[in-house]
Amino acid sequence: VNGKEVPGPLFDFGLLMYHNSRILLDNESGPFFYLSKIEGSNEARLWNKIFDYTERKLDLPHGCIKACVLIENILASFEMEEILYELKDHSAGLNCGIWDYSASFINKFGHRKEFVLPDRNKYVSMDRHFLKSYMDLVVKICHSHGAHATGGMAAPILPNGTTSGTVFKQIVDKVKGGKVKEIQAGVDGFMVYDLRLLQPMQQLFKKMSPTTNQHQIKRPDVNLTAKDLLKMPTGGVTQQGLRHNITVGILFIEAWLRGQGHYYLKGAVEDSATAEISRSQVWQWIRHKAALEDTGAVVTMEMVHNIVQEVIGERFWSAQNSEQFSTNQDKDRLLTAARMFEEIVTKRNFPEFITTYLNMDHTFLEYQKK
């Protein structure tokens, strides 16, 4: 606009509001948004001004725009009440997100050895003190102000074409196990990726909570300090965890080069959040020379490079991936993704967001010209 690049969120917001806001309201819905990556109340205040301006400009009822703020940054967890206040009539509460939130620790404090995050699959879950404290605090603050507190996303994908069977039941039971804890913490809802999980999760919520929300749960037992929010989980780094993070990071970039924001791996959806924590951990483990707990070997750039080559080989030649990377163009794209991943995790200064880096980086732009 007038020779200047428009921030992506404002561009998307403006288009949707101009073309769809009235249609949404006429259909008893509304323009509802998810505000991610917010670090503090100043950003919430800016969005509230944008919402007020838009409602006046389009002659919409005041407060019809609603926004749920994803608390996915450690800095935002210290300003949750202020964020709710700044959004005022436009607030739809706060939401928890485990992987972007965990990655923000590395983003903000990753240069300090005391903030090294262990293998996320083995040692990082909502049961760990820093994440449990964060969710409990979200519930307490939201409910003290009559706002919704929502839990995280269930990423597992159920087997294709099935609504029953042993594997189906195992996945549903596993998801239920995690969501039971969130309901017990007092959340008013949560998200699932696979639509077939909606019915069993709704049944679970109705069984555990007789009301449409849990605003009555005020959590007076929650008395947290800054140390609770900043306490890193104990645990080490594993060979399997390192390989998994490398695989997730490379395949996310490969999907990005295809114009996709997510892909599927081992029965779960992987997106920018899991790619963010994966590349962040690899960067941090290299920087602090983390030792693998199973072999004692130190994580180095050479080790990461060797695993990258192994991952590429597996993708090229294994039977289950032969169709995905069958052409020379497919293989070239994967090799490009691998080079970009290595570039990101070995940079001296930590790139703040993987998606921003991919958009602005010369390698990505050059690839798009092909």
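Numbers below:
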| quantity | calculated |
| --- | --- |
| Net charge of neighbours whose Cβ lies under 10 Å from the Cβ of residue 171, counting Lys and Arg as +1 and Asp and Glu as -1 | +2 |
| Total formal charge among the other residues, if their Cβ is under 12 angstrom from that of residue 205, Lys/Arg +1 and Asp/Glu -1 | +2 |
| Normalised contact order of the chain, rounded percent, pairs of Cα under 8 Å and 6 or more residues apart | 14 |
| Fraction of accessible area attributable to carbon and sulfur, the chain (%, probe 1.4 Å) | 54 |
| The chain - mean residue ellipticity at 222 nm from DSSP helices (-39,500 (n - 2.57) per run, n ≥ 4, rounded to 500) | -17000 deg cm²/dmol |
| Positive dipole terminus of segment 80-217, leading residue within 180, 168, 201 (C-beta point charges) | 168 |
| Options 48, 245, 6, ranked by Cα towards positive dipole end of the chain, top entry (Cβ charges) | 245 |
| Lys/Arg +1, Asp/Glu -1 at C-beta; the chain dipole; positive extreme among 224, 284, 358 | 224 |
| Calculated on alpha-carbon atoms, Rg and Dmax of the chain in Å | 21.7, 65 |
| Estimated D of segment 239-368 in µm² per second, where Rh is the Kirkwood radius over Cα pairs and Stokes-Einstein applies at 4 °C, 1.567 mPa s | 87 |
| Computed over segment 239-368: relative contact order in percent, which uses C-alpha pairs under 8 Å that are six or more apart | 29 |
| With all protein chains modelled, accessible area of residue 81 [1.4 Å, Å²] | 90 |
| Probe 1.4 Å, protein heavy atoms only - accessible area per residue of segment 8-230 in square angstrom | 51 |
| Environment charge of residue 274, counting only residues whose C-beta is closer than 13 Å and scoring Lys/Arg +1, Asp/Glu -1 | -2 |
| Probe 1.4 Å, protein heavy atoms only - accessible area per residue of segment 239-368 in square angstrom | 47 |
| DSSP beta bridge pairing in the chain, given as percent antiparallel to the nearest 5 | 25 |
| Segment 325-350 and segment 120-177: distance between their alpha carbon centers, rounded to Å | 31 |
| Kirkwood Rh and Cα Rg combined as Rg/Rh, segment 114-199 | 1.04 |
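The values are calculated or read from the model by the stated rules, or taken from the named source; none is laboratory data. As the structure is a computational prediction, the values presented were derived from the model and not from experiment. Don't worry about glycine lacking a Cβ; one is built from the backbone with ideal geometry, like all the others, and counts go over all protein chains shown. In case anyone asks, the SASA skips ligands and DNA or RNA and just uses the protein heavy atoms, side chains included. Shrake-Rupley method; radii C 1.70, N 1.55, O 1.52, S 1.80 Å.
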